[in-house]
Amino acid sequence: MEEPDPRRIRKKFNQWALLGCAIIGWFGLFAPGSFWRIHRAYAASAPLTPVIGQAVRSDVSPPVRSIQPLKTQLNRTESAPVREVPLGRRFQSRAAPVEPESRERAESLDPAVQSILPVAKTPSPTTTFEGISNADNISLNGFSVVPPDPVGDVGPDHYVQAVNNLFQVFDKSGTSLSGPLPISALFAGFGGPCETNDDGDPVVLYDHLADRWLITQFALPATGNPQVFAPPGHQCIAISTTGDPTGTYFTYDFVMPNNKVNDYPKFGVWPDAYYMSDNQFVDFSGGFTGVGVFAFERDKMLAGDSSASFVYFDLDALDPSIFGMLPSDLDGPAPSAGTPNYFAYFTANEFGNPQDGLRIFEFHTDFSTPANSSFTERSESPVATAPFDPNLCNFSPNCIPQRGTSQKIDAISERLMFRLQYRNFDTHESLVTNHTVDAGNNHAGIRYYELRRNLPGGSFVINEQATFAPDSNHRWMGSAAMDSNGNIAVGYSVSGSNTFPSIRYAARLATDPPGGLFQGEAVLQAGGGSQTGANRWGDYSMLAVDPVDECTFWYTQEYYATSSARGWRTKIGSFQLPGCIHDLAVTNITAKKTVNVASAVTASVRVQIQNRSDHAETIEVADLGDGVTTGLVRLDVTVVDDDGEGCLAPIVALDNTKNAAVFSRGPKVLKPKRKLTVNYLVTYNCTAAQRRSTNDATPGDYNYVATVHHDVLDGNSDTHTADDACPHDALPNQTDPNPPPKGVKDRGCGTRKPDGTLGNPVQTDALGDL
């Protein structure tokens with residue numbers, strides 16, 4: 001029989017505010033036939049007062065690659081055979097489902113349901129490999145854990161995954177480079193609960209603006225009584241000292257203010273801070289005490305500065321009903337300087353809110369004068385959504401059916417699911433997120449959103465939304481993200497009476513009609529069994545976008561290979577949607593002269609490039625290169641057919657006179673879809689040059705190849721150290737022997753090339769970061 005864990009007791013979210021009451025207080029159950037609810041009035045509140053704090057401990061970890069796991073790192077819990085990580089809930093679990101009121105019954109007919117499964121056009125995974133398993137917890141710690149809460153992020157060369165208690169570093173092919181290790185191993189010799197405790201809710205993020213990794217979890221100090229864990233909680237944050245996640249980390253211990261426990265902390269990367277939200281509790285046997293929001297001093301943490309601080313607002317003073325809020329997490333180009341971090345959570349009339357929608361807040365942080373920091377709701381908030389019903393199974397954790405067992409698992413339908421992804425497209429900015437809803441008759445579906453705000457002064461509106469519930473299976477525990485072309489993907493768990501819990505994903509292209517994941521569904525991992533020993537499934541998962549190409553999605557989620565009580569495994573996989581074009585490409589090459597004399601001739605060559613992304617690119621003269629120097633845009637000219645002319649290798653150089661005119665005012669900001677011409681000079685030196693004969697078997701003597709390479713993550717100029725060759729090459733009067741796959745836009749390599757005289761260009765190109 002499973003040993004009870006003191007933290008297994010679910011924290012009760014004591015609801016408040018009867019409709020019409022002026023005095024707010026905690027209260028218990030309503031009369032039979034009703035359920036716990038919260039009343040929201042959206043009333044104006046006094047400005048919040050920021051609270052300032054500093055790290056109580058900081059240090060530098062040993063290199064991760066050198067850490068050897070030791071069971072004594074978690075001696076407090078070694079004796080426990082099973083450990084269930086608690087989850088603070090908006091609703092107390094009920095012994096039996098409650099019939100919804102007429103308003104909720106009517107709203108259960110979700111008008112945004114996508115009820116038909118489209119023909120599968122979503123590509124299969126390009127990479128899959130095994131992640132951390134519960135067997136690793138048993139091997140390293142001597143106990144198993146439920147649920148795993150798998151998260152992970154991707155960088156230029158690595159994927160870093162974490163589950164409750166452990167983390168591991170992989171290369172992108174799935175080779176383990178370090179770990180699995182307890183997260184507390186990063187804090188070895190640190191002192192305090194961050195060194196001794198692994199209390200869970202991990203987050204891993206790659207900070208692409210700084211080429212660093214963030215790994216974090218919370219820790220709670222013991223009181224001496226094994227049944228009690230007292231506040232305040234600690235947030236343990238590790239920031240890699242370099243871009244190598246197997247190296248050392250700057251480590252920090254932040255004690256939570258207002259003597260509260262920090263449950264379900266969620267993070268977002270932003271240029272001015274690392275932002276966090278949490279659901280706050282008195283302790284694990286006490287009541288919910290509002291949401292906390294934090295801004296951690298990113299610049300100092302990146303430098304290992306022990307004086308790193310945080311700015312905190314306790315939203316219990318603003319609105320005690322706020323729950324399950326997320327900070328925005330940046331992918332792609334940085335927002336304009338001074339842009340606040342956006343926070344969001346959903347409202348529902350099942351909770352007593354006036355409408356179904358998303359409330360959007362702005363966190364302005366000023367570390368120089370912290371008192372100037374603010375946390376305010378945007379004027380258009382709450383943003384109305386299509387009606388939805390979050391009440392699955394009366395919020396009971398026994399909800400989602402599985403194949404071959406009567407054990408049901410938790411839907412976690414009362415909160416947004418990680419992440420709230422942010423993208424800046426120069427002309428607009430987008431927020432993408434999701435949560436689980438009742439698509440009808442306790443049928444779990446994924447409701448996803450893209451909120452869009454036109455820049456610079458627009459308001460957030462729902463640009464895209466749907467509830468994905470296309471068959472009798474249940475889909476839940478999702479994570480949604482958008483690539484640089486505006487395509488959306490959602491990863492999730494899927495289960496049903498005839499389906500073992502499995503990992504799938506579905507997608508839509510930016511060009512698809514609104515209101516659905518019309519590219520259909522693909523399988524990342526088919527389940528081989530069900531979870532028979534607990535109702536807690538993971539509390540979240542994570543879909544990330546590769547910062548190298550801004551096109552490849554990486555997803556991690558749990559599954560069972562065979563039915564067992566707690567034998568979960570995790571899978572990591574990647575996929576890319578068709579037509580995703582990143583950044584810049586060559587669209588035309590024009591040579592103004594041909595070589596038809598036996599002497600040195602200098603020809604002007606123009607290379608036209610286009611910004612095919614939806615965000616601006618900044619290009620400097622220093623980013624340009626000739627046939628020798630590597631640059632963002634470069635031209636190579638090679639001899640294709642000699643024909644006895646005796647030509648020497650051509651010399652390629654930039655036309656600095658013409659380019660100086662283009663870049664006369666400094667860097668060139670190339671807006672989305674705009675084109676730019678870069679000028680080159682090519683010197684040909686032939687001893688017997690002549691026009692090409694019509695009988696010439698090989699048309700053309702020179703092959704002009706312009707190469708575009710871009711490895712700059714934030715759209716700004718940088719050092720370009722490598723270039724990618726175009727895989728499609730064609731001579732004049734020939735078609736591309738290797739055309740792009742069906743459905744993929746031509747990158748300029750596959751068009752039919754015009755015939756011409758000696759010196760006319762062969763127009764080929766290469767798109768950086770293919």
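Details
- For residue 461, neighbours were defined as the other residues whose beta-carbon sits under 11 Å from its Cβ, and their charges (Lys and Arg +1, Asp and Glu -1) total -1.
- Here the label points at residue 188 and residue 68, each 7 Å from Cα along the C-beta direction, are separated by 0.9 nm in the simple model.
- Amide H contacts for residue 417 (H built 1.01 Å from N in the peptide plane; partners 5 or more residues away or on another chain; cut-off under 5 Å): 434, 435.
- Fraction of alpha-carbon pairs over 24 Å apart in segment 393-521 - percent: 30 percent
- Charged neighbours of residue 452, selected by a Cβ distance under 9 Å, balance to -2 (K, R count +1; D, E count -1).
- Of the trypsin sites (Lys or Arg not before Pro) in segment 281-387, those whose Cβ has at most 16 other Cβ within 10 Å and which sit in DSSP loop: none
- The fraction of accessible area contributed by carbon and sulfur in segment 392-523 is 43 percent, rounded to a whole number (1.4 Å probe; ligands and nucleic acids excluded).
- The overall shape of segment 215-357, judged from the alpha-carbon gyration tensor, is oblate: a/c is not under 1.5, and a/b is no greater than b/c.
- Accessible surface of segment 279-323 [probe 1.4 Å, protein heavy atoms]: carbon and sulfur percent: 47 percent
- Applying 1/(1 + (r/R0)^6) with r as the Cβ-Cβ distance of residue 526 and residue 671 and R0 = 60 angstrom yields a FRET efficiency of 0.85.
- Stretch gain in nm, segment residue 130-residue 380, where the contour uses 0.36 nm per residue and the Cα spacing is subtracted: 85.6 nm
- Take the Cα of residue 405, step 7 Å toward its Cβ, do the same at residue 242, and the gap between the two points is 4.4 nm.
- Dipole orientation for segment 478-568: of the candidates 478, 489, 517, 478 has the Cα lying most toward the positive pole (charges on Cβ; Lys, Arg +1; Asp, Glu -1).
- Per-residue HN-Hα couplings for segment 484-501 [Karplus 6.51, -1.76, 1.60; θ = phi - 60°; Hz; x = Gly/Pro]: 6, 9, x, 7, 10, 10, 9, x, 6, 8, 9, 7, x, 4, 10, 9, 5, x
- Between segment 333-406 and segment 120-182, the alpha-carbon center distance in angstrom: 28 Å
- Evaluated with a Cβ-only charge set (Lys, Arg +1; Asp, Glu -1), segment 350-508 carries a dipole of roughly 460 debye about its Cα centre, given to the nearest 20.
- Sorting the segments 230-237, 601-608 by their residues' average number of neighbouring beta-carbon atoms within 10 angstrom, most packed first, yields 230-237, 601-608.
- Electrostatic bookkeeping for residue 361 treats Lys and Arg as +1 and Asp and Glu as -1; over the other residues with beta carbon under 13 Å from its beta carbon, the sum is -2.
- With one equal scatterer per alpha carbon and no solvent term, the Debye-computed log10 I(q)/I(0) for segment 300-367 at 0.17, 0.18, 0.19, 0.27 1/Å reads -0.82, -0.89, -0.95, -1.29.
The values are calculated or read from the model by the stated rules, or taken from the named source; none is laboratory data. Here the structure is a predicted model, which is why all the values come from computation and not from measurement. A quick note on method: Cβ atoms are made from the backbone with ideal geometry, for glycine too, and the neighbour counts reach across all protein chains shown. SASA here: full protein model, heavy atoms, side chains in, ligands and nucleic acids out. Shrake-Rupley method; radii C 1.70, N 1.55, O 1.52, S 1.80 Å.
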